[in-house]
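Q: Take this structure first; my questions come after.
The values are calculated or read from the model by the stated rules, or taken from the named source; none is laboratory data. All figures in this text were calculated on a predicted structure; none of them were measured in a lab. So basically every Cβ, Gly included, is an ideal-geometry build from the backbone, and we count neighbours across all protein chains shown. Just so you know, the surface numbers come from the protein's heavy atoms only, side chains and all, with ligands and any DNA or RNA stripped out. Shrake-Rupley method; radii C 1.70, N 1.55, O 1.52, S 1.80 Å.
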Amino acid sequence: MDLKNTWLTVLHRLEPTLPRAKFLTWFRNTAILDIAGATLTVGVPTAFARDWLHSKYALKILQALQEQLKDIKELEFAVDALLADGNDPRTVNLQAVFSDPKDKKIRKVAGREEVSVTTEGLRSARLNPRYTLANFISGDENRLAHAAGLSVARLPGQTYNPLFIYGGVGLGKTHLLSAIGHEVITNDPNKVVVYLTAEMFTNEYISAVKKMQLDRFKQKYRSTDVLLVDDIQMLESKTKTQEEFFNVFNTLHNAGKQIVITSDRPPAELTGIMARLQSRLTWGLVTEIEQPSYESRLAILKAKTQERRAILDPEVLDFIAMNVSDSVRSLEGVLVRALAEADLLHTQPTVRSLGKILEKLHKKERIIGLPESAPDIQIKTPEAMIQFVAEYFEISLDDLLGSSRCREYSQPRQIAMYLSREVLGLSLVTIAQHFRRTHVTVQYAVRKIKTDLKKNSALVRQVNGVKQELGL
Ligand code: ADP
Ligand code: MG
C-alpha cells in the first residue's frame, strides 16, 4: 500500500473541515510512518505538534483514515525529526497541494503549457474543463483504468509509467486522460501538464521541422512533468514523427516524468508503430476500458441528467440504458436528444417517443421494452380528454370540473388542461369554456404543469402515465 497516497487522501478529507490556517500549521510535514495490524502511526516533526494533533484532531484523523482502511482501530503519534525540513519524500507539500485559489494568478511560462486559474482551480489551457474525475463514473468496465489514473495523478512518475489506456470509440479515454491532467494540477499547481493528441504532436513536429525550430520543440517537452498523449494510434506509419516521439518518451521516462497514453487498440496491435516504441508502451501498466454494463449505463444517464439539472422519467432512463449499449458517447447522444425534446417541445419524453428517436438514430431492428402496439385510443375533443383523465385518476367528472382545491382533484384538473393545450392544441379560450373557468386560470394551470415537470419527478411519471395510455 502506498502510505503517502493514503495520507494525501486523508488530508483532502480533513482540509475542508478545518480553518485553513490551522490545517496548514498542524498538518505541515506530517506523514504516515507505519501500519502494524490495527495501529497506524502518524509521524510529526515536533513534540508540540504531536500533543496538539493527539488532543485535538485524533478522532477526525481516525475517521478519515477508516474511510480507506476499515481495519485501523488505533492511532499513534510519533515525532520524527527528519520530517521537519519539509523535503522529506514521505510528506505532502501542503502549500502546493492546498494552495488558496484566490492567491493564484494566470501563469505563463515560456515554452510551457499555459495554465489558467479560475475559482474552481487551475486548468491547463488545452484540458477540457468538463472532463474531470468528479464526473467520471467508475464501473467494472473501467475500474482499473480509473484507479490507475488516480494513482498516477497523485504521484506522477512514481507508480505506473507509462500508463497506457486503450478501448473503443466513445468509452471515456479522452475524458479520463483530461481528468488525470486536472487532478495533477489540482494536487500540485507547479506541475507542468501537457495534453495533446498524437495528431497535434505530428503537426507540431512537422511545423518545427519546417521552421527549423526543432530545439524549441524539444525544449518544450523537456520541461514537461506530465505528458498526456491522446489517440497514439494516429502515429502509425509516420516513421519520422515516431522517431521523435520515441526520443521525447525516453527523455521524460528517464527523468521520472509521468507519461499517459490512450489508444484505440492494445500496444501489440499497433502494427504500424516501430517495435522499439511499441515495447516501451508496455513498460508500465496497460489497461483497457470496456463497454459499460447496464448498471453503469443507468448510473451515467442519471448523473448526466442531474448535471443538466433536468428530470426524466426513471422508466425512460431505464429504457435508454437497455437499448443503447455501444458507448457512453451514444448514450449521451440519445439523452441530449431526449432532453432537447423536453425543452423545445415542452413535452416530457416517453418510452414511446424515445423508441422513435432510437429507431431513427440506430436503425435498430429490435428495441427492447417498447410497449407492444399503441393502444387504440383516439382522443380528439376536450370532452373526451376530460373523461379520459377523470377515468385515469379514478375521480368523478364533477370533481374534475368542480372547484375543490384539494390536490387529489386539482392536479388531475390541471393535467387535463395541460393535455388539452399540448396534445389537442386547443386555444386557452376553448379550454376555459369546457372547464367552466377563465382563460387566465387555464393559462396558469398549463404554465404550472410545464414548470413543475422540470422539477417534480412524481408529476413526470403521472403525466407520462396518462400519455402512455393515450398512445403517445
Ligand atoms: P473516447 O476518447 O474513448 O472516444 P470520450 O472520453 O470522448 O471517449 O467520451 C465520450 C463521452 O462520454 C464524453 O462526453 C465523456 O464525458 C463521456 N463519458 C465516457 N465515459 C464516461 C464515464 N465513465 N463517466 C462519465 N462520462 C463518461
Ligand atoms: Mg478520445
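Q: Dipole magnitude of the chain about its Cα centre, charges +1 at Lys/Arg Cβ and -1 at Asp/Glu Cβ only, in debye to the nearest 20?
A: Roughly 1620 debye, rounded to the nearest 20.
Q: Let me ask something additional. Along the charge dipole of the chain, Cβ charges K/R +1 and D/E -1, which of Val460, Leu65, Leu24 sits furthest on the positive end?
A: Looking along the dipole axis, the top candidate is Leu24.
Q: Further question on the same structure: Can you sort Glu15, Glu394, Glu141 by solvent-accessible area, 1.4 Å probe, largest first?
A: Glu394, Glu15, Glu141
Q: Could you sort the peptides 381-388, 41-48, 183-190, 212-219 by per-residue average Cβ neighbour count (10 Å cutoff), highest mean leading?
A: 183-190, 41-48, 381-388, 212-219
Q: Another question about this same structure. Could you tell me the extents of the chain's C-alpha atoms along the three principal axes, largest first, rounded to whole Å?
A: Answer, in whole Å and largest first: 84, 64, 42 Å.
Q: Check which residues have an amide H placed less than 5 Å from Gln258's amide H, if you skip close sequence neighbours.
A: Long-range HN contacts for Gln258: Gly157, Leu227.
Q: Whose amide H sits under 5 Å from the amide H of Leu33, counting only residues 5 or more places off or on another chain, with H placed in the peptide plane?
A: Thr41, Val42, Gly43
Q: Right, something else. With every protein chain present, what accessible area does Val351 have (1.4 Å probe, heavy atoms only), rounded to the nearest 10 Å²?
A: Its accessible surface works out to 10 Å², give or take rounding.
Q: At a 1.4 Å probe radius, which order do Trp7, Trp26, Trp283, Trp52 fall into by accessible area, largest first?
A: Trp283, Trp52, Trp26, Trp7
Q: May I pose another question? Tabulate in residue order the Karplus-calculated ³J(HN,Hα) for region 443-451, using 6.51 cos²θ - 1.76 cosθ + 1.60 with θ = phi - 60°, rounded to whole Hz; enter x for Gly and Pro.
A: Listing the rounded values in order: 4, 4, 4, 5, 5, 4, 4, 4, 5 Hz.
Q: Given the rule -39500 (n - 2.57) for each run of at least 4 DSSP H residues, summed and divided by the residues of the chain, what is its mean residue ellipticity at 222 nm, to the nearest 500 deg cm²/dmol?
A: So the calculated ellipticity at 222 nm is -15000 deg cm²/dmol.
Q: Could you tell me which of Leu397, Val209, Leu354 has its Cα farthest along the dipole of the chain towards the positive end, charges placed at Cβ (Lys, Arg +1; Asp, Glu -1), taken about the Cα centre?
A: About the Cα centre, the residue reaching furthest to the positive side is Val209.
Q: Which shape class, rounded, prolate or oblate, goes with region 253-346 when its Cα gyration tensor gives a ≥ b ≥ c as root eigenvalues, a/c under 1.5 marks rounded, and past that a/b bigger than b/c marks prolate?
A: prolate
Q: Could you work out Rg/(2.2 N^0.38 Å) for region 154-285, with Rg from alpha carbons only?
A: Region 154-285 yields a ratio of 0.99.
Q: Related question: What ³J(HN,Hα) values, in whole Hz, does the Karplus curve 6.51 cos²θ - 1.76 cosθ + 1.60 give for region 465-472 when θ = phi - 60°, with x put for Gly and Pro?
A: x, 4, 5, 4, 5, 6, x, 9
Q: By how many degrees, between 0 and 90 and to the nearest 10, does the Cα long axis of helix 198-210 differ from the longest principal axis of the chain?
A: 50
Q: Same structure, new question: Could you run the Karplus curve 6.51 cos²θ - 1.76 cosθ + 1.60 with θ = phi - 60° over region 69-84 and give me ³J(HN,Hα) per residue in whole Hz, x for Gly and Pro?
A: Along region 69-84, the couplings run 10, 4, 7, 6, 10, 9, 10, 10, 10, 10, 7, 10, 4, 4, 6, 5 Hz.
Q: Looking at this model, which pairs from Lys218/Lys238; Lys70/Lys257; Lys22/Lys304; Lys4/Lys60; Lys304/Lys360; Lys4/Lys304 are more than 27 angstrom apart at the alpha-carbon?
A: Exceeds cut-off: Lys70/Lys257; Lys22/Lys304; Lys4/Lys304.
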